[in-house]
1. For segment 79-100, check the following and say yes or no: at least one residue is assigned to a loop (DSSP other than H, G, I, E, B) and of a type outside the set (A, V, I, L, M).
2. Kindly indicate whether any position in segment 29-47 is assigned to a helix (DSSP H, G or I), under 30 Å from C112 (Cα atoms), open to solvent by 70 Å² or more (accessible area, probe 1.4 Å) and acidic (D, E).
3. Inside segment 4-28, can you point out the residues that are part of a loop (DSSP other than H, G, I, E, B) and open to solvent by 90 Å² or more (accessible area, probe 1.4 Å)?
4. Among the residues of segment 48-82, how many are exposed (fewer than 11 other Cβ atoms within 10 Å of the Cβ) and of a type in the set (A, V, I, L, M, F, W, C)?
5. Which pairs turn up if I take residues in segment 32-47 that are closer than 9 Å to W4 by Cβ and look for partners that are hydroxyl-bearing (S, T, Y) and open to solvent by less than 80 Å² (accessible area, probe 1.4 Å) with beta carbon separation below 9 Å, at least 6 apart in sequence or on another chain?
6. Which ones in segment 74-93 are acidic (D, E) and under 24 Å from H111 (Cα atoms)?
7. In the set L79, L52, which member is under 30 Å from G11 (Cβ atoms) and not charged (D, E, K, R)?
Amino acid sequence: MLPWQVEDVRGTIWIMAHDREGAFDGEDCRITEVLSNFAATGVRLERQQKSLLEQARVAGENALANSIAHQINNPLQELMQTVYLLARKDPESDAFAQKITGDLTRLSEAHCQLLSGQESCD
């Protein structure tokens, strides 16, 4: 019997002979140790693979969010500039432009929240 442990996971390799002729010797002990290390390594590698897959998933989600945020930002900035120019050109539409600017500002703030933690807003 040889125990093994990887972080909080424990296991034991049990080997037994079915008759007296199959006595346990030094070579059997060495093979049992190899099997015990193999089992522990398998558990360790499985945990590392799960961790790497989770990191890749999170990185993919962040990249997608960043891409979408940039796709939103360009037309948003163009709309804000257009409203600004409209208000300057036609003073009678100033109240309407202010209403649209307020809505666009809220949309811009939501855009910044989408990017928070990834990069700063321009």
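The values are calculated or read from the model by the stated rules, or taken from the named source; none is laboratory data. Keep in mind that this is a model prediction, so the values were computed, not measured. Virtual Cβ from ideal backbone geometry, glycine too; neighbours counted across all protein chains shown. Each accessible area value is taken on the protein alone, full model and side chains, heavy atoms only, with ligands, DNA and RNA left out. Shrake-Rupley method; radii C 1.70, N 1.55, O 1.52, S 1.80 Å.
1. yes
2. No, segment 29-47 has no match at all.
3. E7, D8, W14, M16, H18, R20, E21, F24, listed by residue number.
4. So the count comes out to 6.
5. The qualifying pairs are S36/T12.
6. E78
7. After applying the criteria, what remains is L52.
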